[in-house]
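**Student:** Have a look at this one before I ask anything.
The values are calculated or read from the model by the stated rules, or taken from the named source; none is laboratory data. Everything quoted here is computed from the prediction, not taken from an experiment. Every residue, glycine among them, receives a Cβ derived from its backbone with ideal geometry; neighbour counts consider all protein chains shown. Note: accessible area is taken over every heavy atom of the protein model, side chains too, but ligands, DNA and RNA are not part of it. Shrake-Rupley method; radii C 1.70, N 1.55, O 1.52, S 1.80 Å.
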Amino acid sequence: MSQMIAVLGAGKIGEALLGGLLRGGRPPARLLATARRAERAEALRARHGVEVVTNAEAATRADTLILAVKPQDMAILLAELAPHAAPDRLVISAAAGITTAFVEDHLPAGTPVVRVMPNTPALVDEAMSVISAGAHATEEHLGHAEEIFDSVGKTLRLPESQQDAATALSGSGPAYFYFLVEAMIDAGILLGLPRDKAHDLIVQAAYGASVMLRDSGDHPVTLREAVTSPAGTTINAIRELEKHGVRAAFLDALEAARDRSRALAAGGEGTRPGA
């Protein structure tokens, strides 16, 4: 609790982390934030009571630096931090596609780096954050990263070689569900329901199904089969989904997302899922 944590680039995910850490009992005096715009800095001070400083000051004062900027801004940020960050600082990168090796190459030799891929449900403390160690990160560093990101949901450790797949599945994952819910609401309207009623029906169905998946321990196939009666409405709907290649489309979509994450790691430009 005595450590100072700085969130550099306090956008949606960065601000969600600040809020989660505060709700978890960390005092505002132990948190720093950086923001590019003056009005954003003032909003962070007003909402959370944290001190907003420059990137250089954050690198000097904080024990843990959380880099929550977009991938295309990472090289510029690291160049700004390098003259000020001591090699005993823990650096956590939360930018899609940015490898620990890339961060390590831009900072003093031996700097411990942890790569984390959170997702936007961090805003409601229901994130899944995937955590991977860099070359100099120890078990203690990983544990500290887990403690931080557990404040806004759950964490899962994976080898960094699997981070691009995790980004496609979990980092971008909420968008697929929103897309599906949007389509189902439109279908409800087509079937004659008012938009607000279709919305309430689908959102509750999605929430209830998610809770059952999480808490029942049953395979999704088992849960689906429990709804699918012989010659009933559900099997007819599923037949149409299979006919239109929905399963294959999801496989192709996730491969495309994984490939984009790899491209970011290779030096391409883009944005964090949800940004």
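**Student:** As an exercise, take the mean of 1/r over every pair of distinct alpha carbons in segment 149-275, invert it, and state the Kirkwood radius in angstroms.
**Tutor:** 17.3
**Student:** Provide the per residue accessible area, probe 1.4 Å, for the chain, rounded to a whole number of square angstrom.
**Tutor:** Per residue, the chain has an accessible area of 53 Å².
**Student:** Helix 173-190 against the longest principal axis of the chain: what's the angle in degrees, Cα atoms only, rounded to the nearest 10?
**Tutor:** The helix 173-190 is inclined about 30 degrees to the chain.
**Student:** Below 13 angstrom from the Cβ of GLU139, what's the summed charge of the other residues (Lys, Arg +1; Asp, Glu -1)?
**Tutor:** On the way: positive: ARG157; negative: GLU140, GLU146, GLU147.
Neighbour charge sum, excluding GLU139 itself: -2.
**Student:** In addition: If r is the Cβ-Cβ distance from ASP88 to ALA56 and R0 is 25 Å, what FRET efficiency results, to the nearest 0.05?
**Tutor:** Efficiency at R0 = 25 Å is approximately 0.90.
**Student:** Hey, if we sort SER261, SER216 by accessible area with the 1.4 Å probe, largest down, what's the order?
**Tutor:** Solvent-accessible surface, decreasing: SER216, SER261.
**Student:** Roughly to the nearest percent, how much of the accessible area of the chain is carbon and sulfur, given a 1.4 Å probe?
**Tutor:** Within the chain, the accessible surface is 60 percent carbon and sulfur.
**Student:** Using the reciprocal of the averaged 1/r over all distinct C-alpha pairs, how large is the Kirkwood radius of the chain in Å?
**Tutor:** Computed over Cα pairs of the chain, the Kirkwood hydrodynamic radius comes out at 20.4 Å.
**Student:** Next question, about the same structure. To make sure I understand the rule: partners must be lysines, Cα under 28 Å from the Cα of LYS154, and not fewer than 8 residues away in the same chain. Which ones qualify?
**Tutor:** Hits, sequence-local ones excluded: LYS12, LYS70.
**Student:** In whole angstrom, how far apart do the alpha carbon centroids of segment 122-143 and segment 198-229 sit?
**Tutor:** When both Cα centres are located, 29 Å separates them.
**Student:** Does anyone have the angle between helix 195-216 and the longest principal axis of the chain? Alpha-carbon axes, 0 to 90°, nearest 10?
**Tutor:** Helix 195-216 and the main axis of the chain meet at about 70 degrees.
**Student:** If you put +1 on each Lys and Arg Cβ and -1 on each Asp and Glu Cβ, how big is the dipole of the chain around its Cα centre, in Debye rounded to 20?
**Tutor:** Details: 26 positive and 33 negative charges, 90 e Å.
About 440 debye.
**Student:** Right, something else. Using the alpha carbons of segment 60-174, what is the convex hull volume per residue in cubic angstrom, as a whole number? Kindly include the intermediate steps, with their values, before the conclusion.
**Tutor:** Values: hull volume 10.7 nm³, N = 115.
So the per-residue hull volume is 93 Å³.
**Student:** Grab the Cα-Cα distance for PHE179 and ARG23, subtract it from 0.36 nm times how many residues apart they are, and report the gain in nm with one decimal.
**Tutor:** My answer for the length gained is 53.1 nm.
**Student:** In addition: Cα axis of helix 12-23 to longest principal axis of the chain: angle in degrees, 0 to 90, nearest 10?
**Tutor:** The two axes meet at around 80 degrees.
**Student:** Subtracting the Cα-Cα distance from 0.36 nm times the residue separation, let me have the gained length for ALA266 to ASP186 in nm, one decimal.
**Tutor:** Gain on extension, ALA266 to ASP186, equals 24.9 nm.
**Student:** Could I ask something else about it? Nearest 5 percent is fine: what portion of the DSSP beta bridges confined to the chain is antiparallel?
**Tutor:** Of those bridges, close to 15 percent are antiparallel.
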